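Everything on this sheet refers to the single structure shown next.
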Amino acid sequence: MNSSWVTRPVLRVRSAFRVAFTEDHPPQWIASSFALGIFVTALPTLGAGLPVLAWASHRFVWANKVAFVAAVAVLNPLVKSGVYAGSLLIGIQLLGPISGSSNVDIGLDAGADVLVRLLVGNVILAVALMIVGYAVAYRTAHAVRRRRL
């Protein structure tokens, strides 16, 4: 079985990280950029997240464009489906089940109930992913800098 469909994206993400960590930005800037990229990409922006990150990369001196790209690569469309499923489960745990349906048969006909639970869970999950992303990127940036020196 050919695993290149898995290894190619992993190698692209690893390469993007390497470039981001070798730029002359301090580790805090790299980690902040990656964390913001994770947060924006995790939200259900329907494609508006990319222009927001492009704007931020030109607007803020601390923004690391490559770290933004790495964040988008990490939360690719395959991963985002899991983010949305997790978001809905978190929303259901916090706000209670959707009346008149089980977790198995939830569909778009539940409308606003599903949307509210999805959005609440998604914001919580995006914040959690942002915190983890910052910590991982910060530690990695420091390790790469130490290795370079």
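The values are calculated or read from the model by the stated rules, or taken from the named source; none is laboratory data. The structure presented is a predicted model; accordingly, all values stated were derived computationally and were not measured. Don't worry about glycine lacking a Cβ; one is built from the backbone with ideal geometry, like all the others, and counts go over all protein chains shown. Side chains included, ligands, DNA and RNA excluded: accessible areas come from the protein's heavy atoms. Shrake-Rupley method; radii C 1.70, N 1.55, O 1.52, S 1.80 Å.
Residues Trp29, Trp55: which one is modelled with pLDDT of 90 or more, under 21 Å from Ala135 (Cβ atoms) and open to solvent by 70 Å² or more (accessible area, probe 1.4 Å)? Talk me through it step by step, then tell me what you get.
Details: Trp55 fails: under 21 Å from Ala135 (Cβ atoms).
Of the residues listed, the single one that is modelled with pLDDT of 90 or more, under 21 Å from Ala135 (Cβ atoms) and open to solvent by 70 Å² or more (accessible area, probe 1.4 Å) is Trp29.
For the stretch 93-117, filtered to residues that are within 19 Å of Pro44 (Cβ to Cβ), in a loop (DSSP other than H, G, I, E, B) and modelled with pLDDT of 75 or more, the residue that is most open to solvent (accessible area, probe 1.4 Å) is Gly111. So in the stretch 66-89, with the set limited to residues that are over 11 Å from the mean Cα position of the chain (by Cα) and in contact (Cβ under 8 Å) with a residue 24 or more places away in the chain, which one is most open to solvent (accessible area, probe 1.4 Å)? Per the criteria, the residue is Leu89.
One residue is enough: does the stretch 133-140 have a residue meeting the conditions surrounded by fewer than 13 Cβ atoms within 10 Å (Cβ to Cβ), β-branched (Val, Ile, Thr) and at pLDDT 85 or above? Show your work before the answer.
So the first thing to find is which residues in the stretch 133-140 are surrounded by fewer than 13 Cβ atoms within 10 Å (Cβ to Cβ), and the list is 135, 139.
When the remaining residues are screened for being β-branched (Val, Ile, Thr), the result is none.
No, the stretch 133-140 has no match at all.
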